[in-house]
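Engineer: Here it is, the structure, as C-alpha cells.
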Amino acid sequence: MLVTVVYLLSYLYFFVLWNNSDVNVPKLSYFFLDLLDSIIVDVASECHRVARLGLDSNLEEEDEELKLSAQARVRVADPSNSNEANGKYVVDIFGQTHPPVANEIFDCLNCGRSIMAGRFAPHLEKCMGKGRKARLKVTRSSTATQNRYSRGGPSPGSTHSPYSNYSTNSMNRLAYGTSTFAGEEHSNGTLES
Amino acid sequence: MSSKINGQISPLPCPHLAEFHRTSAKPFLALHNCLRIKPPGGRASLRRNPDEVPRCCACGLSAPSRLYACVTCAAVSCHSSAAGVLSHAAAHAASMPPGHQIAVDVDRAELFCCACRDQVYDRDFDAAVVIAQTAASTLGGDPPPPIPSPQPENLRKKRRVDYWPWAPDLRERALIGSFSGPIAGAETVVDHSPGLPRGLRGLNNLGNTCFMNSVLQALLHTPPLRNYFLSDRHNRFFCQKKNNGDVDVDAAVKRSGGNNGNKNARICLACDMDATFSAVFSGDRAPYSPAKFLYSWWQHAANLATYEQQDAHEFFISMLDGIHEKVEKGRRKPHTEGNGDCCIAHKVFSGILRSDVTCMACGFTSTTYDPCIDISLDLEPNQWGSTKMATATSNHSCNGEADCMNSSQICGTSTLMGCLKRFTRAERLGSDQKIFCRQCQVRQETLKQMSIRKLPLVSCFHIKRFEHSSTRKMPRKVDRYLQFPFSLDMSPYLSSTILRNRFGNRIFPFDGDELDASDELCSEFELFAVVTHSGKLDAGHYVTYLRLSNRWYKCDDAWVTQVDENIVRAAQCYMMFYVQKMLYYKATDKHVAS
C-alpha cells in the first residue's frame, strides 16, 4: 500500500509540474492536496480500525523468530563451531554404534528366507516380483520353488547340511561389507542352488 | 464488556455511542438503503441516491475530503483539514441537543464521534455494511441469505467436555491383562537409557528406505496418534484375529490350503503401525527394523514397491490413505468423504480448505470446501522477497494487485508464513481460464482465494522443492532456505480472517467465527517434527528432527543424536509437523465400545 501511495504521489507531483502555468497552478495544487489528503485518511482509517479491533498480527513475535533463524544460520555456517558431527560412524545418545549397512538378521516375510536388514528392500523387491526386472525374478522364483519341492524327497539330513553351510558362508561374506554387485551374485547363487 | 472473538476485540463504545444506542431502537436500519458499493467488492460509501453528490449543509462545499452525515438527522457536515478552521461537523454536534454526536464518514462508511473526535466501532453498523456488501455482489440473481452462512455437512459442532481420569473396569482390566503390557512400569521393563525420553529408537535402513524411516519417526511422535495407538484403540491381535476369521471362511469356501500362516493375515497398515509403536516404545533401544511395515506397505501401494528412493511426502499420503482404507473396509459403513471422523489418520490430519471464486464483473462468489490432510506450499519465486504488510492492506489483494515490498531485515529470505500468505492470497485467474459465472451467465475473469476453514489437530506442511527449468526441460530441486517458526499462529489464514479482510475488517461473524468466546478456535501450533532432505532430486537422504521435552533429537535412520535447536532452524525443511497447542475432549455421539 505504501508503495502504491508513493507511486501515486510521484505521479501527481509530476503531473502538477508538467502542467506548470500561471493560470492552472492554483487549481491543480488544490486538487493535488485534496487527493493527497483523501489517500492519507483512507490509510489512517484502515490502520485505526486494525489497531482498535486488535487485528494486527504479532509482528514482534515474527521478527523474533526471523532473528533466531538468522542467528542459527550464521552459527551453523561457522566452521569453528563444531555443532554437528558427521551423521554416520558416531555414537548415538544410547551409547551405541551402528554399521553403515544394518546387519540385523531376520526372516523374509514373503519367502521365509533369512536376510540381512540392510538388504531387505532389494531382496523383497525381487521376492515380490515388483519394480525392476519383475519378469526375470518371477521365473527365478518359480525355479527356486520347484527346486525346493524336489529337495523334499531325499533324506533331510544329507541334503540340508551343505545348503546351510553355503548359506552361512554367504551371510558371513555379506556381513563383511562386500559391494552390492557381489551381493547380487551371491543372491543369484543362492537362488540357483 | 470487551469480548474477544477469534482474535478480534470489541472495543468499549464511547459514552456518546452508548447513549445513542439507548435512545434509538434499531438505529442503523435506515442506513441500510443508503449504503452503496461502488465497484463490486469495493469499499462502502453513503449516498441517498447512486449519483448523489453530497454537500455540506453549512458551507455548501462538496470538495473537502471528509464529509460526515449525522445518524440522527442525516445532516451532512464537512470537516476541513486546514488548521484554525472550525469543523462544521463538530459545530453541528455542539449546537444540537444531545444525540447528534455520532456521524458516518460519507466516503468510507465509518462511524465517527464528533465529540470525541475519533472513529468508533459498532457491531450493528458493521453488520449493516457487510450485508450491503454481500447484497451488492448478488444484485441481479436470487439473493441468498447472508447471515446464516451455509455450514458444510461435515462441520457439525460437538460440545467440549471436561477431562476426567480413566480407570479400567473389570472387562477392560481383563483385556489389558490378555494382550497388553503397561509402559510406565519401571520395574518390569529394563530401560537402558533412563534419562532419555521414551519412544526414541533408531530405525534400520532396509535399503534406500530413509524416506520411510523419516516419516515413521515423525508419526511415532505425533501426540494424538501416539496416544491412540498406545491406548490400544487399534489392537493388532484382535484385528488380525477378526481378519483371520474372515479369511478362514473364504478359505473354506475356496478350499485352498495356505502355505504360510503369515500370508493369511490381511494387509492392515494400522496393525503394522501398532506393532511399530509397541516395538519403539518398549524400552529397547537397539535399532528396529520396520520390515513388516515395508512388506505391508508394498502390498498396499504396489506402484511404489520398488527399491528406488521414494518421496517422503508420497509415502506419507499413501500410508495415511492405507490406514483410512483399512478402517473404512473394516467398519463397512458409508461415511462422508473427509469427515474427519472415519479413522485415526483423518481425525489427526484432516482439515478443510475453502476455495472462493469471485466474478470480477459482478462480484458473485462461489464457494467450495475440500478436505485435505496436508498443505503443499510453493516456495516463493526468486525475484520476490518475503513481503511484510499490515493486515489492513491485504484488503487490496482482492483487486489482484501484487504488492511487492522487501523489508531490509529479511530481504530475499523465504518464510513459511510468506508461503502461507501466498497460498491464501487472492489469485487472478488468467483470461484463458475464464469460469462460467452463474449470475452473468457468461464466462468471466475471476479471482480465486484459498483459506483454511477447519484446522486439523496436526498440520503437516509440505514444501514443493522441485521446479521445471524454463531453459532446459528437466525437473530440478530447489535448495533454497525456508525459515519456519517453532510457534505458528494460523489465524491469519483462516476463512474467517480472509473473509473479514475482504469486507474491510468489519465486526461480523464470518464463516468459521465462533460466537461463544469459550469455544474459541485454537489456531496456535507448535512444531514437533521436521523432515529434511539433502542431495539431489533423484538421490538424496532424509533426516527427521524430533522435539521431545523441549529438546531436539536428530533421527538419521539408526542413529539418534541430540542436536542444538540452531541446527534445526538452519535445516532445509521438506515436511513440517505442527500440533495444536491446546487439545481438548469432545462429546462422542456413539457409545464407546471397548
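The values are calculated or read from the model by the stated rules, or taken from the named source; none is laboratory data. In this text, all values refer to a predicted model and were calculated from it rather than measured experimentally. Because the Cβ atoms are built from the backbone with ideal geometry, glycine has one as well, and the counts that use them run over all protein chains shown. Side chains are part of the model used for accessible areas, which takes the heavy atoms of the whole protein and leaves out ligands, DNA and RNA. Shrake-Rupley method; radii C 1.70, N 1.55, O 1.52, S 1.80 Å.
Engineer: Find the sum over both chains of the accessible area lost when B and A are paired, probe 1.4 Å, and report it in Å² to the nearest 100. Write down the numbers at each step before the final one.
Structural biologist: Details: alone 31520 and 15740 Å², together 40720 Å².
In total, chains B and A hide about 6500 Å² from solvent.
Engineer: Let me ask another. Given points 7 Å out from each Cα along the Cα-Cβ axis, report the A:R113 to B:V563 separation in nanometres with one decimal.
Structural biologist: 3.7 nm
Engineer: Right, next: Could you work out how far apart the two model spin labels at B:S487 and A:I105 are, taking each label as a point 7 Å from the Cα in the direction of the beta carbon, and quote it in nm?
Structural biologist: 5.3 nm
Engineer: To continue, here is another question. Per residue of segment A:95-105, what does 6.51 cos²θ - 1.76 cosθ + 1.60 with θ = phi - 60° give for ³J(HN,Hα)? Whole Hz please, x for Gly and Pro, Karplus curve as stated.
Structural biologist: x, 9, 10, 10, x, x, 10, 4, 10, 5, 9
Engineer: Ok, one more. Once amide H atoms are placed 1.01 Å from N in the peptide plane, what residues at a sequence separation of 5 or more from B:L379, or on another chain, have their amide H within under 5 Å of its amide H?
Structural biologist: B:K464
Engineer: Amide H of B:G199: which non-local residues (sequence gap of 5 or more, or other chain) have their own amide H closer than 5 Å, using H built in the peptide plane?
Structural biologist: Placed amide hydrogens put B:G283 under 5 Å from B:G199.
Engineer: Given a cut-off of 23 Å, name the pairs among B:K347/B:K581; B:K464/B:K536; B:K434/B:K464; A:K126/B:K554 whose C-alpha atoms lie farther apart than that in the structure shown.
Structural biologist: Values: B:K347/B:K581 16 Å; B:K464/B:K536 14 Å; B:K434/B:K464 27 Å; A:K126/B:K554 32 Å.
Beyond 23 Å: B:K434/B:K464; A:K126/B:K554.
Engineer: A further question on this structure: Any chance you could look up the accessible area of B:L537 with a 1.4 Å probe, heavy atoms only, rounded to 10 Å²?
Structural biologist: The accessible area of B:L537 comes to roughly 90 Å².
Engineer: If r is the Cβ-Cβ distance from B:A286 to B:V478 and R0 is 41 Å, what FRET efficiency results, to the nearest 0.05? Spell out each step's value before the answer.
Structural biologist: Values: r = 37 Å, r/R0 = 0.91.
It comes to 0.65.
Engineer: Keeping all protein chains in place and using 1.4 angstrom, which order do B:R438, B:R201, B:R36 fall into by accessible surface area, from largest down?
Structural biologist: Numbers: B:R438 155, B:R201 20, B:R36 65 Å².
Ranking B:R438, B:R201, B:R36 by accessible area, largest first, yields B:R438, B:R36, B:R201.
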